[in-house]
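Enquirer: Below you will find the structure I want to go over with you.
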Ligand SMILES: [Zn+2]
Ligand SMILES: [Zn+2]
Ligand SMILES: [Zn+2]
Ligand SMILES: [Zn+2]
């Protein structure tokens, strides 16, 4: 359940408080708000429509999906001009008339599609695996189509990921609460909202998700995933102390459950180090990344997204520290230059990590330049200093 507030006064109802419209399940804090909604909020006409759509959660998901698609199409408009969908081969979707998007690492004329076509494809592939009992591995691989491009194999980002998150949620919201795919859909929605920088919404989806998992007694590992996501949403909302505590917890949990070399542990190490940066705890961040970097390079390779993230965090810890030495600053610049080249090649110029690295590079260079100037000034001053008085 992600609708946790009264539809009229927005009072938080959690999962059980308040009352629901008997027909459409719209939630209210009490009879007063319900009556007001009927009389003044247009519920008398909306109720039937909501019920027909499958109830309040489904109706909300459908509506938010449509909004998210139009945001994504508009944001991608310039990039997609004159292109066609690689799935249905049309520029405009035959049924919805929506335009195209592209939010992965595809380049040139590849990878343009309608959100509806991407969603339909993911839905069909997953349903087929489910109906034919193709096993957990196949199910997981098919599930990836909700968040990973089948052409470039990179994850979607930004508003495209958000639209697909809503698509995924609207597809599976009608299933029973304990259904695994419904839980995963909730997670996708939270990730998508985060990507589109809709952090308040992401927070409430993630909190609802964690509450659901606790209630159902989900596994430690699954709960760590949600906690990790909650930590990154907390960063975005400026709650750095919360985020650091959660990130630390996730890192030690994964270390114990999965071991040092697991990609999820490496990613958790990076996130923990990143959360330390916000609290200006550069030394701790740097030493954790120093330890993690060789493992990531060995296990995942230099081109892997997680390795790139680790290198970026390491460089940030190096040059943001006011106690950084000249050598630290040089190392930060070299690391960023190298990482920027790899990220551009592997992930593409518009990928958020590439953007973040290229954003950090001028800052690191400026810090280095300032330090070099300061030290050459010191040398010059030393050279200009009056010679010691001669004895004679
Ligand atoms: Zn109310
Ligand atoms: Zn109703
Ligand atoms: Zn299409
Ligand atoms: Zn792609």
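Coordinate-derived values only; no laboratory data. If you're wondering where the values come from, they're calculated on a predicted model, not measured in any experiment. Cβ: placed from backbone, ideal geometry, glycine included. Neighbour counts: every protein chain shown.
Enquirer: Two decimals is fine: what's Rg over Rh for the stretch 178-237, C-alpha atoms, Kirkwood radius as Rh?
Expert: Radius of gyration relative to Kirkwood radius: 0.95.
Enquirer: I want to make sure I understand the PRE zone here: with the label point 7 angstrom from the Cα of residue 257 toward its beta carbon, which residues in the stretch 298-333 have backbone N atoms less than 20 Å away?
Expert: 306
Enquirer: A follow-up question, please. Taking just the C-alpha trace of the stretch 289-392, give me its Rg and Dmax in Å.
Expert: When restricted to Cα atoms, the stretch 289-392 yields Rg and Dmax of 18.8, 70 Å.
Enquirer: Now a separate question. Give the peptides 377-384, 209-216 in descending order of average Cβ contacts within 10 Å, highest first.
Expert: Peptide ranking by packing, descending: 209-216, 377-384.
Enquirer: Translational diffusion coefficient, Stokes-Einstein: compute it for the chain using the Kirkwood radius over C-alpha pairs as Rh, at 25 °C and 0.890 mPa s, and state it as an integer in µm² s⁻¹.
Expert: 104 µm²/s
Enquirer: For the chain, what's the relative contact order in percent, using C-alpha pairs closer than 8 Å and at least 6 residues apart?
Expert: Reported as a whole number, the value is 8 percent.
Enquirer: Also: Calculate, for residue 345 and residue 215, the FRET efficiency according to 1/(1 + (r/R0)^6) with r their C-beta to C-beta distance and R0 41 Å; round to the nearest 0.05.
Expert: 0.35
Enquirer: Spin-label point model (7 Å from Cα, Cβ direction): what's the residue 382 to residue 338 distance in nm?
Expert: The modelled label-to-label distance comes out at 2.9 nm.
Enquirer: Using only the alpha-carbon atoms of the stretch 158-297 as identical scatterers, what base-10 log of I(q)/I(0) does the Debye formula give at q = 0.12, 0.14 Å⁻¹?
Expert: The Cα Debye sum returns log10 ratios of -0.50, -0.67.
Enquirer: Right, another one. Distance between the C-alpha centers of the stretch 239-281 and the stretch 44-97? Whole Å please.
Expert: About 36 Å separates the Cα centre of the stretch 239-281 from the one of the stretch 44-97.
Enquirer: Quick one: compute the contact order of the stretch 300-392, relative version, from alpha carbon pairs under 8 angstrom and 6+ residues apart, as a percent.
Expert: Relative contact order comes out at 26 percent.
Enquirer: Beyond 23 Å, what share of the Cα-Cα pairs of the stretch 125-219 is found? Please give it as a whole percent.
Expert: Taking all Cα-Cα pairs of the stretch 125-219, the fraction more than 23 Å apart is 25 percent.
Enquirer: Now for a separate question. Between the helical axis of 282-300 and the dominant principal axis of the chain, each derived from Cα atoms, what acute angle in degrees is found, rounded to the nearest 10?
Expert: Taking Cα atoms only, the helix is inclined about 70 degrees.
Enquirer: Ok, one more. What distance in nm lies between label points placed 7 Å from Cα along the C-beta direction at residue 63 and residue 322?
Expert: 5.0 nm
Enquirer: Between residue 151 and residue 48, what length in nm is gained on full extension when 0.36 nm per residue of separation is reduced by their alpha carbon distance? Please report the intermediate quantities before stating the final value.
Expert: Numbers: separation 103, 0.36 × 103 = 37.08 nm, distance 4.16 nm.
Full extension of this stretch gives 32.9 nm more.
Enquirer: Hey, if you drop one equal point scatterer on each alpha-carbon of the stretch 213-287 and run the Debye formula without solvent, what base-10 log of I(q)/I(0) do you get at q = 0.14 Å⁻¹?
Expert: -0.42
Enquirer: Another question, then. Taking the 0 to 90 degree range and rounding to the nearest ten, how far is the long axis of helix 220-236 tilted relative to the main principal axis of the chain, both from C-alpha atoms?
Expert: 70 degrees
Enquirer: What distance in nm separates the two pseudo spin-label positions at residue 38 and residue 297, each 7 Å out from Cα along the beta-carbon direction?
Expert: 6.9 nm
Enquirer: Could you tell me what fraction of 2.2 N^0.38 Å the Cα radius of gyration of the stretch 77-180 comes to, as a two-decimal ratio?
Expert: Scaled against compact globular proteins, the figure is 1.10.
Enquirer: Still on this structure: What is the spread of the Cα atoms of the stretch 248-335 along each of their three principal axes, largest first, in whole Å?
Expert: 38, 27, 16
Enquirer: What's the angle, to the nearest 10 degrees (0 to 90), between helix 352-384's Cα axis and the longest principal axis of the chain?
Expert: Approximately 20 degrees, to the nearest 10.
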